[in-house]
Amino acid sequence: MEYTAAQSGFRQQHNMRLRNSSMDGSDGSQLFDDTSATGPGAQGVYRNQQADPQAAGLPGQSLLSDPMSNLAMAYGSSLASQGREMVDKNLDRFIPISKLKYYFAVDTVYVGKKLGILVFPYMHQNWEVSYQQDIPVAPRFDVNAPDLYIPTMGFITYILVAGLALGTQNRFSPELLGVQASSALVWLIMEVLAVLLSLYLVTVNTDLTTIDLLAFSGYKYVGMILGVVAGLLFGKLAYYLSLLWCCAAIFVFMIRTLRLKLLSEAAAEGKLVRGARNQLRMYLTMSIAAAQPVFMYWLTYHLVR
């Protein structure tokens, strides 16, 4: 009996210790959180957290997905393209950009040969412009074709040389250089307009365009530059001699170039010109050629002293 009571007492003490240890473990820190108690509410929060990134996307996605927005964007792009085409069409009407590309289609060989003809036109024989399927070839393939590269660069170089000449005479000022540039440009425009008016009054049927006349009128800047540079380097006598040579050269160049454009085929071949209309064309050609030396002297004489 004593053994049984002692044994039962030992079992009671052992059970008490196990209960105390389990209670202490529940109060202390646990290795893992118990998530078994989380109900449906917690799972709903987790699902909402996964759905939020999709719902909180970029604001433009909802805009792009709207059919009305896509229609408005397409209509706006079509209006922009139509406006651009209209601007290009009107711009090409007043400023023929496609034609201007032809006049700047030059290379180094063409520029060198053209400058040689402008200074020494007496040895050049063939003055006819080459055509390919009724279209004149580009200037880089035909030295007789007019271009705008040499007149443009000649005008800019003339302004720079004029500024240098004024600086050597202690007369340089930005205002005076601006007056020099504007006066040269105004005289050039007046010359082209006078030629156009003369062609209209004489009723000449020619393929000369306004850009062609602008190119031919701008070739005189080459001789003007040579004259001013010679005057700055060697004095006034060198200016007059070089300018006289360049004036004669540009006169011959204009006569031989414009006679193929303004005179009849018989006059272009060197035959006797007959008829009042052909006489007027010949006088007009001579007048245009004779006006070049006048402008060359008028725009350069005050730069050399």
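The values are calculated or read from the model by the stated rules, or taken from the named source; none is laboratory data. No experiment lies behind these values; they were computed from the predicted model shown. Backbone-built Cβ (ideal geometry, glycine too); neighbour counts: all protein chains shown. Heads up: the accessible areas ignore ligands, DNA and RNA and are worked out on the full protein's heavy atoms, side chains in. Shrake-Rupley method; radii C 1.70, N 1.55, O 1.52, S 1.80 Å.
For region 142-166, the tally of residues that are free of Cβ contacts under 8 Å to residues at least 12 places away in the same chain and open to solvent by 90 Å² or more (accessible area, probe 1.4 Å) stands at 1.
Rundown of residues vs (1) modelled with pLDDT of 70 or more; (2) in contact with a helix residue (DSSP H, G or I) (Cβ under 7 Å, 6 or more places away or on another chain); (3) part of a helix (DSSP H, G or I), yes/no style:
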| position | (1), (2), (3) |
| --- | --- |
| 78 | yes, no, yes |
| 83 | no, no, yes |
| 87 | no, no, yes |
| 145 | yes, yes, no |
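When 176, 237 are screened for being exposed (fewer than 14 other Cβ atoms within 10 Å of the Cβ) and at pLDDT 95 or above, only 237 passes. Only residues that are assigned to a strand (DSSP E or B) and either surrounded by 13 or more Cβ atoms within 10 Å (Cβ to Cβ) or of a type in the set (Lys, Arg) (or both) were counted across region 130-141, and they come to 1. Test residue 224 against the stated conditions and say whether it is free of Cβ contacts under 8 Å to residues at least 40 places away in the same chain and buried (at least 20 other Cβ atoms within 10 Å of the Cβ). Answer is no for this residue.
Of all residues in region 191-209, those that are within 18 Å of residue 220 (Cα to Cα) and free of Cβ contacts under 8 Å to residues at least 40 places away in the same chain have Cβ atoms under 8 Å from Cβ atoms of residues that are open to solvent by less than 60 Å² (accessible area, probe 1.4 Å) and among the hydroxyl-bearing types (Ser, Thr, Tyr), 6 or more apart or on another chain, in 192/217. Out of all the residues in region 111-120, which are crowded, with 17+ Cβ neighbours inside 10 Å and over 13 Å from residue 220 (Cα atoms)? Result: 111, single match.
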